[in-house]
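First up is the structure itself, then whatever we jot down about it.
The values are calculated or read from the model by the stated rules, or taken from the named source; none is laboratory data. Computed from a predicted model, the values in this text were never measured in an experiment. Please note: Cβ atoms are built from the backbone with ideal geometry, for glycine as well, and neighbour counts cover all protein chains shown. All accessible areas refer to the heavy atoms of the entire protein, side chains included, with ligands and DNA or RNA removed. Shrake-Rupley method; radii C 1.70, N 1.55, O 1.52, S 1.80 Å.
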Amino acid sequence: MPKLVDHEAKRREILEVTWRLMATRGADAATMREIAREAGYANGALAYYFANKEALVEAAFVYVFDRTNDRIRGATEGLRGRAALRAFLVEVLPTTEVTRLEARIVLPFWSRTVAEQRFAELNDAAMQQWRRELGDLLRQGREDGDVTVTTPDDVLVEQLLAMAMGLQVLATTHGTPTPAATQLAMLDAYLSGLAVR
């Protein structure tokens, strides 16, 4: 009887290898040949799952974004308002090994959005999703009385995204990256400022 192959599981395995390789060695070092070798495939075998390097890079970004969203859903379950905002953003800030590696995937992806329409569309869809979700949490905070500042919610959402994305840059640069404790202190200081007593 022929062996059944779970192609979706194989695809996930390749994506797991790809994003980690890109995060630790850089996007340019993650060639199809190197990814195939790291994943334990023969050279050229990846073509069954991904037509080319561009398709693989795109899928790796979507994979990382989906993983982040899965963690966000788990972390915010049962929470509202400011507590949910904190739980959401903790899953984005590069304060752990996994989130630092994920940030290293996002940075080169952003640079490609400047010249490549498909990457720009993917990034825009991801950011629009986060804008909606953060906006919903801010509205909950206003309903519960733990967000009372007069600053409009759309401005607060952009400030939260700017902080999270800025820290993805600052915490992954060489030299003196922003420590995890400082990132969390910045987040807490910002969130406490949402409630004017």
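Details
- What the Kirkwood sum gives for the chain is a hydrodynamic radius of 18.3 Å, with every pair of different alpha carbons counted.
- Interchain or long-range residues, amide H under 5 Å from Ala195's placed H: Thr148
- Length gained when the stretch Leu184-Glu34 is fully extended (0.36 nm per residue, less Cα-Cα span): 50.4 nm
- Span per principal axis, largest first, for the Cα atoms of the stretch 73-151 (Å): 43, 28, 21
- Under the Karplus curve 6.51 cos²θ - 1.76 cosθ + 1.60, θ = phi - 60°, whole-Hz ³J(HN,Hα) for the stretch 38-52, x wherever Gly or Pro sits: 5, 7, x, 10, 6, 4, x, 6, 5, 4, 5, 9, 9, 5, 6
- What the Cβ-Cβ distance of Arg139 and Val169 gives, at R0 = 41 Å and to the nearest 0.05, is a FRET efficiency of 0.90.
- Straightening the chain between Arg132 and Glu13 buys 39.8 nm, computed as 0.36 nm per residue apart minus the Cα-Cα spacing.
- Accessible area (Å², per residue) of the stretch 99-163, counting only protein heavy atoms and a probe of 1.4 Å: 50 Å²
- Volume per residue of the convex hull around the Cα atoms, evaluated for the stretch 42-104, comes out as 104 Å³.
- When shorter helices are ignored and each DSSP H run of at least 4 residues is given -39500 (n - 2.57), the per-residue value for the chain at 222 nm works out to -23500 deg cm²/dmol.
- Carbon and sulfur %, accessible surface of the chain computed with the full protein complex present, 1.4 Å: 55 percent
- Pairs of Cα atoms farther than 14 Å apart, the stretch 109-172, %: 66 percent
- All distinct Cα pairs of the stretch 16-121 go into the 1/r average, and the inverse of that average, the Kirkwood radius, is 15.0 Å.
- Computed with a 1.4 Å probe over protein heavy atoms only, the accessible area of Val64 comes to about 0 Å².
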